[in-house]
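For reference, the structure discussed in these notes is given below.
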């Protein structure tokens, strides 16, 4: 599917329409390497994500999405004069390792843009380094700020954290907050006060008495911003203690670990994400085409934002290659700034899901 050098990106369905036709032949390609025999110079897209450790499922969810997007670009020669490759590094969701892997990418002059790190803490840990070396970073799961950040090189692709916090408070009059750091947990109390939402407790799940303190307030809603495993433990303990209220959270609850750890206690939980999850509505075409590229493996919750981030990177490469015939980190960062300026003027969209049996996610359509 050709990628054109344009400022406005095509809607998801239009972008995927011809992918159905090309996905079968893309299965024959084992990697996103340069076409054999090609004399075109190489440009690389870096990927940093956890491929080992607690969050290893994150990284392997991304491989087919990134491979698919890059193969489309090479098949159509979208980046004029260049063959596009991608290189992946594991940061194991550890801040120190995230910095090390960012440094490895920075010393390779063919790497002009990076996608990562898919965890807020590791992305923020490495962000300063990317700024220092001038290597553009697209961060699909990092929430943007309500304030303009200028023409830097770190590009959060998530919505403003205040917008996600406001969506989490939808329809809530009284709630308790259980979280352990992070921008979303930090934004919720002040926004709740502004909106007249009463937070009876703001607790860390690592405090020894968090459960007793929460149950004493009998909140009808618990908002949890912890990681998927911790959130699963939280909802399990709440249900075991007899709490029967509504449990809700952000994109973290879409991870399979939440339902696996929470078990039956996780059923009925509500979660909100800034992108549609595979298997429903707008993402149906994506999920079907992804399976053809992945050999039948279904996409996970981060596959779509990874694909969209890769397409955005390729749009920037294609635009700059067509305009100047050469690619540099500085020029690619400038193009990304222009492309994202249009996206930031659009109101963010949110998607609600309910956790069902065996961790299945069903769209909530009646809100």
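Rule-based calculations on the coordinates, nothing more; no lab input. Quick caveat, the model's predicted, so the values are computed rather than measured. Don't worry about glycine lacking a Cβ; one is built from the backbone with ideal geometry, like all the others, and counts go over all protein chains shown.
A few points about this structure:
- Residue among 81, 295, 262 with the largest mean-square fluctuation in a Gaussian network model of the chain, springs linking Cα atoms under 10 Å: 295
- Neighbour-count ranking [beta-carbon atoms within 10 angstrom, fewest first] of 290, 60: 60, 290
- Of the Cα atoms belonging to the range 162-273, the radius of gyration and Dmax stand at 12.5, 35 Å.
- Residue exposure sequence - 178, 43 - by fewest surrounding Cβ within 10 Å: 43, 178
- Peptides ranked, highest mean first, by Cβ atoms within 10 Å: ranges 219-225, 169-175: 219-225, 169-175
- Checking (1) 58, 45, 44; (2) 66, 47, 41; (3) 69, 41, 36 against the coordinates, the calculated Cα extents along the principal axes in Å falls under label (3).
- Theoretical FRET efficiency, 1/(1+(r/R0)^6), r = Cβ-Cβ of residue 284 and residue 241, R0 30 Å, to 0.05: 0.15
- With a Förster radius of 56 Å applied to the C-beta separation of residue 110 and residue 173, the computed FRET efficiency comes to 0.55.
- The chain: angle of helix 228-240 to the longest principal axis, Cα-based, in degrees nearest 10: 20 degrees
- Using alpha-carbon coordinates, inclination of helix 329-344 to the longest axis of the chain, degrees: 50 degrees
- When you count the other C-beta atoms within 10 angstrom of each residue and take the mean per peptide, 84-95, 248-259 line up highest first as 248-259, 84-95.
- Peptides 355-366, 327-338, 302-313 ordered by packing proxy, namely the average of other Cβ atoms within 10 Å per residue, highest first: 302-313, 327-338, 355-366.
- Inter-centroid distance (Cα atoms) of the range 82-103 relative to the range 333-356, Å: 24 Å
- FRET efficiency, 1/(1 + (r/R0)^6) with R0 35 Å, evaluated for residue 145 and residue 208 via beta carbons: 0.55
- Using alpha-carbon coordinates, inclination of helix 183-194 to the longest axis of the chain, degrees: 50 degrees
- Taking each DSSP H run with n ≥ 4 as -39500 (n - 2.57) and averaging over every residue of the chain yields -13500 deg cm²/dmol at 222 nm.
- Relative contact order of the chain, taken over Cα pairs closer than 8 Å and 6 or more residues apart, is 19 percent.
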